[in-house]
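The values are calculated or read from the model by the stated rules, or taken from the named source; none is laboratory data. The structure presented is a predicted model; accordingly, all values stated were derived computationally and were not measured. All Cβ positions, glycine included, derive from the backbone under ideal geometry; neighbour counts span all protein chains shown. The accessibility values were calculated without ligands, DNA or RNA, using every heavy atom of the protein model including side chains. Shrake-Rupley method; radii C 1.70, N 1.55, O 1.52, S 1.80 Å.
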Amino acid sequence: MAGKKKYDPREAEPRWQRLWEEDQVYRFDPDAGGAVYSVDTPPPTVSGKMHLGHAFSYSQQDFIVRYKRMRGYNIFYPFGTDDNGIPTERLVEKMKKVRARDMERQDFIKLCLRTLEEELRPKYIEDWKRIGMSCDWNVFYTTINEHCQRISQKSFIDLYGMGREYRKDAPTMWCPECQTGISQVECEDKELESSFNDIIFKVDGEDLVIATTRPELLPACVAVFYHPDDERYKKHEGREAKVPLFDINVPILPDPRADPEKGTGIVMCCTFGDQTDMEWQKAHELPIKVAISPDGRMTGQAERYEGLKVKEARERIIGDLKEAGLLVKQEKILHPVNVHERCGTEIEYLKSKQWFIRYLDLKDEMLEWGYQLNWHPEHMRHRFDHWVKGLQWDWLISRQRYFGVPFPVWYCSECEAEVLARAEDLPVDPLVDNPPVDKCPNCGCKEFTPEEDVLDTWATSSLTPHLSADLYKDHPIYEKIYPMSLRPQAHDIITFWLFNTVVKSRMHDRVNPWADVVISGHAQDPHGRKMSKSKGNVIEPQEMLEKYSADSLRFWAAGCKLGDDLPFSEKDLVTGEKFITKIWNASRFVFMHLEDYDGKDVELEDVDRWLLTKLSKIIAASTESFDKYEYSRTKSEVEKFFWQTFCDYYLEIVKQRLYKPELRGEESRRAAQHVLYHALLAVVKMMAPIMPHITEEIYQTYYRELEGSKSVHVSAWPDEGLVDEEAERKGDLLVEAVALIRKVKSDNQLSLGKEVEKAKITGSKDQLDMLKPLEADVKGTGKIGLLEYEVGDGLSVSLS
């Protein structure tokens, strides 16, 4: 290493990534004994390329895994890709300039699979390797391969057998853009501009003013409701209201769900505008009028507005109401609207046949399941609880899309009886494969209709513990893998992925899928805002990797506590690069003086015992921090120890002993060698989980031959060692004295290396008694010829 002057991460990082994979450094050994630490690695959605949020959160989970590996665990750290469902489908449509609905379904499925295999997946995975992820890349799955389809379809069959699944023709949350039903978890509130429109209905010729934000639903109006205690409207009970612009008469009914304080206190019920409309329709057995089609256009129910898009119809109807004198008032508002989180489209409520998982009856149990998990940070459990308490729908798991895991179901063409595939035949595609029976068990009909819908991607992704663990289903190690040790993920998908995985695991196995969950925050732009293409504030991690290094990007990601959002700051990457340069140069200095190091026992001096005591306390603190998943504390404390305690002071103090052994003796030099060897090795090991490439370079260059492990990342985490409180007090006083000498030199515009003929240290008798045995260290570090002492108040230094 002494001959290699510069470390180049652009050359070194790809080299180590390649060698780690070739040497199977991170291989999971199913035949090894000992404890297994298993990780339910998030399978990133194949959507083009890794973004900065990925680099941020996946680095944080990798810090933890690398630490656990060094603690001696047999690490099960698989990698998968989530590549079925809407995101992949839309990406392939965009890339290939096709539309799924315009192609034969099987041709489109083949196109998706081929595009994933040949173009998308290999390049996508390289991004994760590039940031230094320590997964076993041979333990791999994709959520669309046969292995995963088999598990997903088996889950469906098992839950059906438990009575937990049902198919129902009912109002469903629907995305007109994606043209599929969606579940509650896929909706998010978005503040949108709209208007409250006070519209005149007629009751026996009298005006009845009703406020609405959705005048385009007037043709689907089936009733008008008021609160039973609202004296303003009691007189209308049993009468009918005429809907403006449409020759429709609807009943006026009392219901406690009507809010007297909202709008004019009386409200129209349309099928369907929201959840309350659905409740009213069911409770009062009202008819269903469908005014909006699956593609978001008005139906024939809307009469002359047929074919218009929803917003176009809204504007046209408002205009016609004004012209007819039926619009009393219009007030601009900003209100939360449910949109599809995938595309941002406002959702509608349409009646359609869908598959559901019944779980609303389990809300109390769900809260207990969440309580039993170890949450890091703990406050993230409140998001889980809040979601459970707000659940209003069973889990809708069918999607009207083309590329995904097929439902293993056929229907009798006569009586619509459901026929499920046999477990031994999975995976199946009902559009291609025949049902397992020749005739309907109910009516004897021999004709069957295949289910065309596909499973919601979360219905498969919620099985990730099994998608990876079941690769070892028939091996004894399986019992050590599942339930898993850890689920790492970002906070924004607690209600998606974490919640649904807990539900599936509890339903199938009656256990929580993992012991611990670690929740990361979001990477933000430098101003603390969410990154988005529309804002033009997206920072590409690939560019940062090219400009700096993976280690410096990981250094930045370690700069905040678990669960905290972190604004991107390029200066943090610059700081990471400075650390890389410093530890490389410090290592070169150390190794230059270790060429004849023999590792034998030595007699340590006070300053050596001081450094080793400081080191032991840092090791203890870092171990405790990592055990609590507080990697940022380890990074901060080790970085401070390395820069200040080790480099700024200890290296400077021992230089005289290294360069001029004739002054201090050979034993003194050998003691310094001993401390340099072990202190640098401990720093390298403690920083290895965060900066794996530079630490591997240093370890391989010098330590591997002497330490024996083939990689720093499978070497043992450093143990706490010597703690000598008396030596620590002496060393702290020595450092204070050296710092004062440096300050006086600086104040007098003298270089720190300038030889000074004489200096005087003033201090208490106890301080001077501790410093006098360290005089050689003070003189050697401060470049002082003669040192005098004087008893006085407080420690001070003067130079001659």
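List of remarks:
- Net charge contributed by nearby residues that have their C-beta within less than 12 Å of Asp601 (K/R +1, D/E -1): -1
- Shape metrics for region 239-345, restricted to C-alpha atoms - Rg then Dmax, Å: 15.1, 44
- Here's how it looks for Met484: its modeled amide H is under 5 Å from those of Trp514, Ala515, which are all 5 or more places away or on a different chain.
- Amide H contacts of Gln524: Leu566, Phe568, each under 5 Å away and 5 or more positions distant or on a separate chain (H built 1.01 Å from N in the peptide plane; Pro and chain starts excluded).
- Dipole orientation for the chain: of the candidates Tyr649, Val723, Trp514, Tyr649 has the Cα lying most toward the positive pole (charges on Cβ; Lys, Arg +1; Asp, Glu -1).
- Summed over all non-identical Cα pairs, the Kirkwood treatment of region 644-800 gives a radius of 17.6 Å.
- Rg [Å, one decimal], Dmax [Å, integer] - region 1-132, C-alpha atoms: 19.0, 65
- The magnitude of the dipole of region 331-400, with charges of +1 and -1 set on the Cβ of Lys/Arg and Asp/Glu and taken from the Cα centre, is near 280 debye.
- Dipole-positive endmost among Leu159, Leu120, Ile182 within region 56-205 (Cβ charges, Cα centre): Leu120
- Solvent-accessible ranking of Thr276, Thr695, largest area first, probe 1.4 Å: Thr276, Thr695
- Based on Cα contacts under 8 Å between residues 6+ apart, the chain shows a relative contact order of 15 percent.
- Cα-based Rg / Dmax (Å) for the chain: 34.7, 115
- Isotropic mean projected area of the C-alpha convex hull, region 36-90 (nm²): 4.1
- Principal-axis analysis of the Cα atoms of the chain puts helix 9-22 at an angle of about 70° to the longest axis.
- With coordinates expressed along the principal axes, the C-alpha atoms belonging to region 512-641 extend over 65, 41, 25 Å, beginning with the largest.
- Semi-axis lengths, Å, region 73-194, gyration tensor of Cα atoms, sqrt of 5 times eigenvalues: 29, 23, 18
- Separation in nanometres of the label points that stand 7 Å from Cα toward Cβ, at Val337 and Arg71: 4.9
- Cα-based reach from Lys332 at 25 Å (exclusive), listing lysines while leaving out same-chain residues under 8 positions away: Lys190, Lys202, Lys262, Lys309, Lys311, Lys322
- Positive-end residue of Ala170, Ile200, Pro215, charge dipole of region 120-218 with Cβ unit charges: Ala170
- Total charge dipole magnitude, the chain, about the Cα centre, Cβ charges on Lys, Arg, Asp, Glu only, Debye to nearest 20: 1620
- Measuring between alpha carbons in the structure, the pairs from Lys242/Lys353; Lys561/Lys685; Lys743/Lys783; Lys660/Lys730 lying more than 25 angstrom apart are Lys242/Lys353.
- The long axis of helix 310-323 is offset from the longest Cα principal axis of the chain by roughly 50 degrees.
- Residues whose placed amide H lies under 5 Å from that of Lys49, excluding near-sequence neighbours: none
- Sequence-distant contacts, meaning Cα pairs under 8 Å at least 6 residues apart, place the relative contact order of region 411-529 at 21 percent.
- Restricting attention to region 20-130, lysine pairs at least eight places apart or on different chains and with alpha-carbon atoms under 29 angstrom apart total 19.
- Volume per residue that the Cα convex hull of region 600-699 spans, once the total is divided by residue count, Å³: 97
- Check: region 388-519 dipole with +1 on Lys, Arg Cβ and -1 on Asp, Glu Cβ, in debye: 620
- Computed over the alpha-carbon pairs of region 356-473, the distance histogram in 10 Å steps reads 12, 28, 30, 20, 8, 1 percent, short to long.
- Relative contact order computed over region 277-433 (Cα-Cα under 8 Å; 6+ residues apart), in percent: 12
- For Leu334, neighbours were defined as the other residues whose beta-carbon sits under 14 Å from its Cβ, and their charges (Lys and Arg +1, Asp and Glu -1) total -2.
- Per-residue extension of 0.36 nm, minus the Cα-Cα distance of Cys445 and Ser764, leaves a gain of 104.5 nm for this segment.
- Debye log10 I(q)/I(0) for region 409-468, one point scatterer per Cα, at q = 0.14, 0.16, 0.25, 0.29 Å⁻¹: -0.46, -0.57, -1.02, -1.20
- Distribution of pairwise C-alpha distances over region 228-287, 10 Å bins, in %: 20, 56, 24
- Cα-derived Rg to Rh of region 492-584, Kirkwood definition: 1.12
- Other residues within the sphere of radius under 10 Å centred on the Cβ of Phe196, judged by their own Cβ, net out at +1 (K and R +1, D and E -1).
- Solvent exposure ordering (accessible area, 1.4 Å, most first) of Leu308, Leu611: Leu308, Leu611
- Exceeding the 21 Å Cα-Cα cut-off - candidates Lys235/Lys289; Lys154/Lys480; Lys530/Lys578; Lys547/Lys578: Lys235/Lys289; Lys154/Lys480; Lys530/Lys578
- Residues of region 122-142 with an amide N closer than 18 Å to a point placed 7 Å from the Cα of Lys547 along the Cα-to-Cβ direction: 131.
- Segments 240-246, 385-391, 746-752 sorted - mean Cβ within 10 Å per residue, highest first: 240-246, 385-391, 746-752
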